[in-house]
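Down below is the structure, laid out as structure tokens.
The values are calculated or read from the model by the stated rules, or taken from the named source; none is laboratory data. From a predicted model like this one, the values you see are computed outputs, not experimental measurements. FYI the Cβ positions are ideal-geometry reconstructions off the backbone, even for glycines, and counts take in every protein chain you see. Just so you know, the surface numbers come from the protein's heavy atoms only, side chains and all, with ligands and any DNA or RNA stripped out. Shrake-Rupley method; radii C 1.70, N 1.55, O 1.52, S 1.80 Å.
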Amino acid sequence: MKIHEYQAKELLQRYGVPIPAGRMATTAEHAQDIARGLGRLPVVVKAQIHAGGRGKGGGVKLCRSLDEVFARASEMLGMVLKTHQTGPEGREVRRLLVEEGVDIECELYAGLVLDRAQGRVVFMMSSEGGVDIEEVAEKTPEKIHKVVVDPVTGLMPYQVRKLVFACGLRPEMVGKAVKLCRGLYDAYTATDASILECNPLIVTRDGDFLALDAKMVFDDNALYRHPSLNELRDLDEEDPKEVEAKVYDLSYIALDGNIGCLVNGAGLAMATMDIIKQSGGEPANFLDVGGGATVEKVKAAFSILLRDPKVEAVLVNIFGGIMKCDVIAEGIIRAAREVELTLPLVVRLEGTNVEEGKALLSASDIDVVSADNMIDAAQKVVRLAAERRAAMATATATANAKAKE
């Protein structure tokens, strides 16, 4: 689960991480009032969306007067902000963060992630703050300095000193750096975060650290331990299909491909996606209906994946254990009828009640292509998607030709 920058900063402040003074606004008038209350200019108006690169997209503006705050806030609210992380569709700006301007001596990067291979948290710091850290990692990886944290001891002062000196900071900064970095580490571990980044983390001209930006992502599987974090979720920033999937307890993640996948079991879902790619297609989603899905749950899953306009064909791949193949078949039939399915549909069933499931599909009025195994299913669905795409292109070309006559 992602949260906004202003929310991440409020969390970090609870763990002793210094942040600039500021508040969230939803109207231009509110933004102007916040700027007035900060007591000094300039201030910075920052668009709040769940994506980085906002400055390059016009989502961060320095304002030197209250009138300018009102004008910039009016422009940003409601705009569709496009960055390298939003994709071409962009995100609508509904909230702003209005913050005091600060005097910057230097910009750093600080981040914490879980290294699953080592089973340890890795604390990273770089002197290349304020730029795309992915670009730094690709072109000059030696500028990203890392320490691996032992969960028994936590982040140690000597590790912070190592990072401080590697980034070229003054020795007298070590004490403040230790306090700051421990606050970041505590915030990361206490909230079951999967990612915590401050980019930039700045040193002011007064020699103080400030988290000028903050990003936090949390492990969904641990949210039951943090009900207060669930309250920070902004559903407007999430894919509506993924939001609906959570209501039905479905594991759904939208991707960029053209083959819709409905599978039971995470391992089988990953294998299905791999085989689709090996067969020349691209999966449009990860969708695991789980081991004990009901007809209603299957119908909901089917309806969700069909609402993706990029989907050109659908592959249902079920290995029936706890999940019975006849239940899946009934759910497919009901969903296909309700949404008036026009896309090619390939179904591979195996396991408990497989013959009953196949019989239900054969006796139904929906057009289903059966597959004997996973490879057969993947090859058939990729071929059918290509045939449909070609037919659509031909129909469009014919219609355009007639329109010109």
Say we look at the stretch 299-331 and pick out the residues that are in contact with a Leu (Cβ under 6 Å, 6 or more places away or on another chain) and of a type in the set (G, A, S); which of these is surrounded by the most Cβ atoms within 10 Å (Cβ to Cβ)?
A301
Any idea which of (1) closer than 23 Å to N258 by Cβ; (2) open to solvent by 30 Å² or more (accessible area, probe 1.4 Å); (3) of a type outside the set (K, R); (4) part of a helix (DSSP H, G or I) is the one A403 doesn't satisfy?
(1)
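Please tell me if L180 is open to solvent by less than 60 Å² (accessible area, probe 1.4 Å) and over 26 Å from the mean Cα position of the chain (by Cα).
Yes, satisfied.
The rows are residues; the columns are (1) β-branched (V, I, T); (2) open to solvent by less than 40 Å² (accessible area, probe 1.4 Å); (3) touching a helix residue (DSSP H, G or I) at 6+ places or on another chain (Cβ under 9 Å).
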residue	(1), (2), (3)
Y109	no, yes, yes
L112	no, yes, yes
R120	no, no, no
F123	no, yes, yes
K143	no, no, yes
K146	no, no, yes
Hits in the stretch 1-39 - residues which are open to solvent by 40 Å² or more (accessible area, probe 1.4 Å), in contact with a helix residue (DSSP H, G or I) (Cβ under 7 Å, 6 or more places away or on another chain) and among the polar types (S, T, N, Q)
none
Does G260 satisfy the criteria of being in contact (Cβ under 8 Å) with a residue 40 or more places away in the chain, within 21 Å of V382 (Cα to Cα) and of a type outside the set (A, V, I, L, M)?
yes
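Tell me which helices (runs of 4 or more DSSP H) are completely within the stretch 288-389 and hold 2 or more residues being β-branched (V, I, T), or say none if there are none.
Numbers: elements: 295-306, 325-339, 354-363.
It comes to 295-306, 325-339.
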Every listed condition ((1) touching a helix residue (DSSP H, G or I) at 6+ places or on another chain (Cβ under 9 Å); (2) farther than 22 Å from V243 by Cα; (3) open to solvent by 60 Å² or more (accessible area, probe 1.4 Å)) holds for E296 save (2)
Among what's in the stretch 37-93 and is of a type in the set (S, T, N, Q) and part of a loop (DSSP other than H, G, I, E, B), pick the residue that is farthest from A214 (Cα to Cα).
S65
Under the condition of being open to solvent by less than 60 Å² (accessible area, probe 1.4 Å) and either touching a helix residue (DSSP H, G or I) at 6+ places or on another chain (Cβ under 8 Å) or aromatic (F, W, Y) (or both), which residue from the stretch 235-250 is farthest from E89 (Cα to Cα)?
L250
Output the helices (runs of 4 or more DSSP H) that fall wholly within the stretch 171-265 and possess 2 or more residues being closer than 30 Å to P309 by Cα and not charged (D, E, K, R), or say none.
240-247
Considering L232, L255, which residue is modelled with pLDDT of 90 or more, open to solvent by 30 Å² or more (accessible area, probe 1.4 Å) and more than 30 Å from R14 (Cβ to Cβ)?
L255
Quick one: A269 ticks every box in (1) within 30 Å of the chain's Cα centre (by Cα); (2) open to solvent by less than 50 Å² (accessible area, probe 1.4 Å); (3) more than 14 Å from I259 (Cβ to Cβ) except a single one, so which number is it?
(3)
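Quick check: is even one residue across the stretch 208-216 open to solvent by 70 Å² or more (accessible area, probe 1.4 Å) and hydrophobic (A, V, I, L, M, F, W, C)? Spell out how you get there, then give the answer.
Taking the stretch 208-216 as the starting set, the residues that turn out to be open to solvent by 70 Å² or more (accessible area, probe 1.4 Å) are 215.
Still in the list and also hydrophobic (A, V, I, L, M, F, W, C): none.
No, because not a single residue in the stretch 208-216 is open to solvent by 70 Å² or more (accessible area, probe 1.4 Å) and hydrophobic (A, V, I, L, M, F, W, C).
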So which of A254, A266, A177, A271 ends up being under 27 Å from R95 (Cα atoms) and of a type in the set (A, V, I, L, M)?
A254
